[in-house]
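To start, the structure itself, in C-alpha cells.
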Amino acid sequence: MAKIIVPAAVEGPIVVCTEGLSFWGGVDALTGKIIDAHHPLHGQSIAGKIVMMPTSRGSCTGSGVLLGLSFAQAAPRALIFRENEDILTLGAMVAAQMFEKSIAVIRLDATEYDLLAQQEAAAITPSRLTAGPVAWDLEAVTAEALELSETDREMLSGAQGAPRQLAMKIVTTMAAAQGATKLIDVTRVHIDGCIYASDAFVTFARKMADMGARVRIPTTMNAISVDHANWRSQGVPDSFGLPASTLADAYVEMGAAPSFTCAPYLLDDQPVKGEDIAWAESNAVIYANSVLGARTVKHADFMDLCIALTGRAPQSGVYLTDNRAPRRVIDVTVPDGIDDAFWPMLGWLVGKLASDRIPLIRGLEVTTPSDDDLKALCAAYGTTSASPMLHIAGVTPEADLPVATDADHLEITANDFAQVWAEFNKGDAKVDLVALGSPHFSQTECEAFAALIAGKTVHADVTAIITLGRGTLAKIRSNGTAAILEAAGVTIVPDICWCSISEPVFPPSAKVLMTNSGKYAHYAPGLSNRAVRFGSLAQCMETALSGTATAAPPAWIG
C-alpha cells in the first residue's frame, strides 16, 4: 500500500527524475533550480513541484538544503519515492516538526510509481493521493510498534529534557519509516550538519543549542564552511563568515569536538570492524562501511545530532548483516599501467552502475590500492550512488559475504574510463586553480605532493590549494611537509573542504580548476560555476607549475 511518511495537504505539477538527485551540490539552495551538470534535468526547477525520483543520492547535507528551500519558499511541495530514502525525508520531517513547513513525503511501490509518473499533476492529502484517473489511499507511518527500552521511553516522555524528547521523536519516526523494529546503541557520531549552506542550518543548530541540547556520546564534526581561526584575515565577508562560524560554534557548544574534517577515518581513533557508529558525510559513511567494516547507514544532516543526543539509532539498512550483501557484481578490466587517477574514475563508474544497490567489484585482485586510493574511490562512488557501501574482492574486509541470489552482472572496460575522462575534462587547457583535498588530504597525500613539487614553484598565474583537517595539518607542520609545500607556493587551508569553500578563499578570478578528486570533478561545475579538468596527482603538480593541463588522457586509457 502507498505510504505517507510526512503528511501534508498539497497539490502541484509532477516532475519525474529518472535518476536520483543530491540536493547538496545538485540544487540551488535559494531557488530550487537543478545545478548538477551531470543530471538529466539540469537547469529545471523543482520549486513548487511534486518531485518523483527512485531515491536520492549523494550528500547527507541534502536534508539541510531541503529545509533551507522551505525557508526560501522554493521547496518542492512533495517528494515521492519508489525506494527507501532517508536524507530528504528527514529534512521534510524537521521542516514539519520544528518549523511548521509542509513538504509531503510518500513512498509507492514500483507499479504505483510508474502509473503516477505518467500523470501531469497530483493532489495529496494526509490520507489520499489523486492524479488524473488514478488514486490511492495513503497509509500513515507510525512508530507505535517500535520496540523501545526504558531509557528510550524516558527520553521520549521528556523526562530527560525537551531536546532529547524532540531528538527521540525524530529518531523513532525515522525508524518506523525505515522499517526498523528497534533501536540500537551506537558508539560515536560524526556531524555533517555544520556546513553552512543556508540560514536554515544555523536556525536549527541554534534552536537546539538554546534549548540546552548536549551530546551523550563522542561526537566529531565535519568540515565547516570557513577556516575558523583565519576567515577574517582571508577576506571572507562578515555576511558569510559570521553565520558559518556561528553554526560551527553551536555544535561545539552542544559538546561536539571541533575536528572539522570530512575524513573522520583519518583521525587517530578509527572505528573497527563490526562497530556500530552513526556517521553523516557520504564519503565517510562509504569508507567506514566498505574499508573499515564498521556499520553505519548514511545518516542525514539533523538526524546526526538527534542520534548524538540520544545515543540511539534505528536498527535498519546496513546495520544488519543481511543488508550488507552485494546485489550486483561488476567485473572490471584493469588497464595496464594505471595511476592514481584510476581509482576515483572507477568509483564514479561503479556508482553509475550500482546507483541503488551494494556492488561487489571483481578484477582488482591483481592491484594493491592504498588507503588513499580507496578513499578516492569511495568518495567518487558516493556522488553517483545512493548506496552506503561497496565490496572489492580480495581487498575489503567483507567482500566474502554471500552474493544475493537475485544479483546481476555488469562490466567496466577501458572504453568506460575514456568516457569518464572526457566527462571530467570539459574545461579549457589553461588552468587557474589546482584544487586538492576532496575529501580532505591525508598526511601521506600531503607528503606525496610535497615530494613531487619540492624545489619547484607554482606558476604565477595559478593558485594551488590543499584543504585538510586540523589533525593532519598539525602532523605535516611537525614533520616539515607543510614547509616544503608552502615554499613551493602551495596554500594550505584547514577546516573547510572543496564542497564548502567560498570566495574569496576560492579565487574569484579562477575560470578553470584542476583536481585529482572524482568527487569534486562531479560537484565543482554546479558548486563553483567553473569548468573542470581532472588528472592524477602528478598531473595536478605539472599543471600547477605550467598553468596548462595535458590535453590527452593518460596512456593507460589509450
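The values are calculated or read from the model by the stated rules, or taken from the named source; none is laboratory data. All values reported here derive from a predicted model rather than from experimental measurement. Every residue, glycine as well, gets a Cβ built from its backbone with ideal geometry; the counts of neighbours run over all protein chains shown. With ligands, DNA and RNA removed, areas are computed over all heavy atoms of the protein, side chains included. Shrake-Rupley method; radii C 1.70, N 1.55, O 1.52, S 1.80 Å.
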If we keep only residues of region 300-319 that are assigned to a helix (DSSP H, G or I) and open to solvent by 10 Å² or more (accessible area, probe 1.4 Å), then the residue nearest to LYS273 (Cα to Cα) is TYR319
**Prompt:** Does at least one position in region 234-245 carry a residue that is closer than 24 Å to ALA474 by Cβ, in contact with a strand residue (DSSP E or B) (Cβ under 6 Å, 6 or more places away or on another chain) and at pLDDT 95 or above?
**Reply:** no
Listed by first then second residue, the pairs whose first member lies in region 89-108 and is of a type in the set (A, V, I, L, M), whose partner is open to solvent by 10 Å² or more (accessible area, probe 1.4 Å), with beta carbons under 6 Å and at least 6 positions apart or on separate chains, are ALA95/SER70; ALA95/LYS101; ILE103/ALA75; ALA104/VAL10; VAL105/ILE5
When region 412-456 is checked residue by residue, the ones that are of a type in the set (A, V, I, L, M), touching a strand residue (DSSP E or B) at 6+ places or on another chain (Cβ under 6 Å) and buried (at least 21 other Cβ atoms within 10 Å of the Cβ) are ILE412, VAL431, LEU433, VAL434, ALA435, LEU436
When region 266-280 is checked residue by residue, the ones that are open to solvent by less than 10 Å² (accessible area, probe 1.4 Å) and either free of Cβ contacts under 8 Å to residues at least 40 places away in the same chain or assigned to a loop (DSSP other than H, G, I, E, B) (or both) are PRO271, ILE277, ALA280
Residue hits (region 177-186; open to solvent by 70 Å² or more (accessible area, probe 1.4 Å) and under 23 Å from GLU83 (Cβ atoms)) are THR181, LYS182
Residues of region 187-218 being more than 15 Å from the chain's Cα centre (by Cα), open to solvent by 10 Å² or more (accessible area, probe 1.4 Å) and not β-branched (Val, Ile, Thr), in sequence order, are ARG188, SER198, ASP199, ARG206, LYS207, ASP210, MET211, GLY212, ARG214, ARG216, PRO218
Residue pairs within 8 Å by beta carbon, gap of at least six or interchain, first lying in region 324-344 and on the phi > 0 side of the Ramachandran plot, second part of a loop (DSSP other than H, G, I, E, B) and open to solvent by 50 Å² or more (accessible area, probe 1.4 Å), listed first then second, are GLY337/ALA555
MET174: passes all of (1) in a loop (DSSP other than H, G, I, E, B); (2) open to solvent by less than 10 Å² (accessible area, probe 1.4 Å) but (1)
Residue hits (region 123-180; over 27 Å from LYS207 (Cα atoms), touching a strand residue (DSSP E or B) at 6+ places or on another chain (Cβ under 7 Å) and of a type in the set (Val, Ile, Thr)) are ILE124, THR130
Exactly one of PHE81, PHE71 is on the phi < 0 side of the Ramachandran plot and open to solvent by 10 Å² or more (accessible area, probe 1.4 Å), and that one is PHE71
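Take region 177-218 and flag every residue that is part of a loop (DSSP other than H, G, I, E, B), of a type in the set (A, V, I, L, M, F, W, C) and within 15 Å of ALA244 (Cα to Cα).
CYS194, ILE195, ALA197
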For region 1-24, pairs from a residue that is in a loop (DSSP other than H, G, I, E, B) to a residue that is among the aromatic types (Phe, Trp, Tyr), with Cβ under 7 Å and 6 or more apart or across chains, are ALA2/TRP136
Apart from one, (1) within 23 Å of ASN84 (Cα to Cα); (2) in a helix (DSSP H, G or I); (3) touching a Ser or Thr at 6+ places or on another chain (Cβ under 7 Å) all hold for LEU349; the odd one out is (3)
Expected output for region 514-535 (first residue of a type in the set (D, E, K, R), partner part of a strand (DSSP E or B), Cβ below 9 Å, 6+ apart or cross-chain) is ARG530/LEU433; ARG530/VAL512; ARG530/LEU513; ARG533/VAL512; ARG533/LEU513; ARG533/MET514; ARG533/THR515
Those residues of region 85-94 that are out of contact with any strand residue (DSSP E or B) (no Cβ under 8 Å at 6 or more places or on another chain) and closer than 18 Å to GLY48 by Cα come to a total of 1
Here the residues within region 180-201 that are within 30 Å of PHE71 (Cα to Cα), at pLDDT 95 or above and β-branched (Val, Ile, Thr) are VAL189, ILE191
Here the residues within region 320-346 that are surrounded by fewer than 23 Cβ atoms within 10 Å (Cβ to Cβ), in a helix (DSSP H, G or I) and over 20 Å from the mean Cα position of the chain (by Cα) are THR321, ASP322, ASN323
If you check THR368 against the conditions, is it within 30 Å of LEU485 (Cα to Cα), part of a loop (DSSP other than H, G, I, E, B), β-branched (Val, Ile, Thr) and at pLDDT 95 or above? yes
Note on ALA386: of the conditions (1) open to solvent by 40 Å² or more (accessible area, probe 1.4 Å); (2) modelled with pLDDT under 95, unmet is (1)
Expected single match for closer than 13 Å to VAL318 by Cα, β-branched (Val, Ile, Thr), in contact (Cβ under 8 Å) with a residue 12 or more places away in the chain and part of a loop (DSSP other than H, G, I, E, B) among VAL297, VAL285 is VAL297
